[in-house]
Amino acid sequence: MTGHIRFPLAYFLRCLCLTLLLIPITRGVSASEWRTIELPSRPINIAQNKGTIWTCGADELIAKSTDGGKTWSIQHSLTGGGILLTIGFPNESLGYAGGTRGSIFLTRNGGDTWSRIQGPADVIYALSFSDEKNGIVHTRSALYTTSDGGLTWAPVRIDFSSDEFKEFSHVSTVVALDARHMAIVLSQGNASYYAQKVVITKDGGASWNVIPTPNTALTSLTAHDGEYWFAGMEVIEKDKPGGGYGVPLLMRSADGEKWDHLPRWSQKEFSVCNVQGCLYWDGAGVELPPATPVNYWTFAPEKVVTARWAVGNSDICTIATNLMCTSVTVIHTMPPYTESSSTISPLLAPPALDAPPSQGLQCISCDVERVIVTNDFQGVAEVELKLHVAQSGLVEQVEVVRATRPEIGERLAGEVRSWIFIPYEKDGVIHPAITNVKLRVQAIKSK
């Protein structure tokens, strides 16, 4: 039997803080409109392809639902296998998933069967394939491209020590458009409010160039029908008295250099986006690229939905520490914003490419909101938590050791439950582990 390994606090603060089986859903007893889905392994990420919702996660889980999340079919899993962190489909037949232990899974038949190829590093944070041969992956310390379906990998030729890139070592997005065109979104930090640069190649990775995106903030960069799609915000009327203001922005480009601005058809800025579209706030979203008329989504605004979501067959499903689904309604007019509406926190980027390796437990995804809104407290709040990390690398249990405010401690504990680590190995044996971590956040009192 393996024992728990206990790690000291000091090291941890350096961490940056995915055969057919039908799984019925488990319904909660509350009046919530959201259904909690019980799967054999913990889900981590989610995607949609032609109406089918896909999820990936621990134990190499790959599962799908063709009925809006009501029933799920396990397409692949391996007890004790790695954690799949990302999943996607560039077209109806081709799909990919990747994660820990350097594993990348590909399907060429719409997800009926999946084959494993070895990635270029032990952790695959994100990947994108345009076809069966051409793709790009983001690992813990580098980016790589392939032109032969993963048989060989070539490092991306960007000098991150140069003046142009030395402050942009966080990778937000990778997109493979075709054999010659790929894009990388770089950032100065792991949150959406940091400055970003979009870097493209038009020659299959032989050279990379920054494309100018003045007065804009990128929410997502995706690929649709052989074109890049840029969704975000643009600052306009900067020269008028009082300064400019932000408006929703949607652009598309076939090569990453010449961009077509879509007419401004939306008055509200986006919270989070993926390849399907954007959510404005908890309870409302829009399908992209926009149809005629535009398809807007509405769903139960119970502060359940996260930045990991997908819509399929009249349902929306989302992942925090659990997979949850609810019905979604399509309308053709902009949903109204109400006092109960709230924005959705965007995903935090993985650690910087130049982050020094940590000792002991090695973090894959470990961060929390640094600024939070509370009802009755303002200032710096400190929280100490005890983490019980399973052999899989997932956090099994979080205890609040002390907190400036109990409600803040519980809130951060809830976020920390979704942290992911490299399974801790000692003398060839993987062990569960225990560690304490101290967090500091800035609390702002709501008006």
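The values are calculated or read from the model by the stated rules, or taken from the named source; none is laboratory data. For clarity, every value in this text was computed on a predicted model and none was experimentally measured. Methodologically, a virtual Cβ is constructed for each residue, glycine included, from the backbone with ideal geometry; neighbour enumeration extends over all protein chains shown.
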Checklist line | Leading residue by the ranking (surrounded by the most Cβ atoms within 10 Å (Cβ to Cβ)) among those in region 275-319 that are among the polar types (S, T, N, Q) and on the phi > 0 side of the Ramachandran plot | finding: Asn313
Notebook entry, point to check: With respect to Lys268, is the statement that it is closer than 21 Å to Ala307 by Cβ and modelled with pLDDT under 90 true?
Noted result: yes
Next item on the list: Give the residues of region 23-43 that are among the aliphatic types (A, V, I, L, M) and at pLDDT 95 or above, sorted by residue number.
Entry: Ile37, Leu39
Notebook entry, point to check: Taking the condition modelled with pLDDT under 95, in contact with a Pro (Cβ under 7 Å, 6 or more places away or on another chain) and either closer than 18 Å to Met324 by Cα or surrounded by 15 or more Cβ atoms within 10 Å (Cβ to Cβ) (or both), does Leu16 pass?
Noted result: yes
Item checked: Residue in region 232-247 that is buried (at least 20 other Cβ atoms within 10 Å of the Cβ), at pLDDT below 95 and either in contact with a Cys (Cβ under 9 Å, 6 or more places away or on another chain) or outside the structural domain of Met324 (by TED's automatic domain parsing) (or both) present -> yes
Next item on the list: Name the residue, out of Val373, Val383, that is at pLDDT 90 or above and assigned to a strand (DSSP E or B).
Entry: Val383
Next item on the list: Count, please, the residues in region 346-368 that happen to be part of a loop (DSSP other than H, G, I, E, B) and surrounded by 15 or more Cβ atoms within 10 Å (Cβ to Cβ).
Entry: 15
Item checked: The lone exception for Thr201 - which of (1) over 21 Å from Cys273 (Cβ atoms); (2) in contact with an Asp or Glu (Cβ under 9 Å, 6 or more places away or on another chain); (3) hydroxyl-bearing (Ser, Thr, Tyr) it fails -> (2)
Margin query: Test of understanding: among Gly119, Gly82, which residue is modelled with pLDDT under 95 and either among the charged types (D, E, K, R) or touching a Gly at 6+ places or on another chain (Cβ under 8 Å) (or both)?
Written below: Gly82
Checklist line | Matching residues, region 369-425, being of a type in the set (Asp, Glu) and either under 23 Å from Ser192 (Cα atoms) or out of contact with any Lys or Arg (no Cβ under 6 Å at 6 or more places or on another chain) (or both) | finding: Glu369, Asp376, Glu396, Glu407, Glu410, Glu415, Glu425
Next item on the list: Return the total of residues in region 203-216 being surrounded by 17 or more Cβ atoms within 10 Å (Cβ to Cβ) and small (Gly, Ala, Ser).
Entry: 1
Note to self: I'd like the full set of residues that are more than 21 Å from Ile420 (Cα to Cα), out of contact with any Pro (no Cβ under 8 Å at 6 or more places or on another chain) and not polar (S, T, N, Q), limited to region 113-131.
What the structure shows: Trp114, Arg116, Ile117
Check: Which one of these is surrounded by fewer than 20 Cβ atoms within 10 Å (Cβ to Cβ), farther than 19 Å from Val371 by Cβ and either modelled with pLDDT under 90 or aliphatic (A, V, I, L, M) (or both): Val389, Val401, Val395?
Finding: Val401
Margin query: If Ala179 meets every condition in (1) surrounded by fewer than 22 Cβ atoms within 10 Å (Cβ to Cβ); (2) of a type outside the set (Ser, Thr, Tyr); (3) at pLDDT below 95 apart from one, which number is that one?
Written below: (3)
Check: Is region 218-228 home to any residue that is in a strand (DSSP E or B) and modelled with pLDDT under 90?
Finding: no
Check: Just for region 432-447: of the residues that are more than 20 Å from Glu382 (Cβ to Cβ) and more than 27 Å from the chain's Cα centre (by Cα), which one is surrounded by the most Cβ atoms within 10 Å (Cβ to Cβ)?
Finding: Ser446
Checklist line | Given (1) of a type outside the set (Lys, Arg); (2) over 24 Å from the mean Cα position of the chain (by Cα); (3) crowded, with 21+ Cβ neighbours inside 10 Å; (4) under 25 Å from Pro43 (Cβ atoms), number of the condition Pro423 does not satisfy | finding: (2)
Margin query: Step by step: first the residues of region 404-424, then only those that are assigned to a helix (DSSP H, G or I) and among the small types (Gly, Ala, Ser), then the one that is modelled with the lowest pLDDT. Which residue is that?
Written below: Gly414
Margin query: Suppose the filter is over 23 Å from Arg252 (Cα atoms) and small (Gly, Ala, Ser); does Gly150 pass it?
Written below: yes
Notebook entry, point to check: So Glu339 fits all but one of (1) under 21 Å from Tyr193 (Cα atoms); (2) out of contact with any strand residue (DSSP E or B) (no Cβ under 9 Å at 6 or more places or on another chain); (3) loosely packed, with under 15 Cβ neighbours inside 10 Å; what number is the exception?
Noted result: (1)
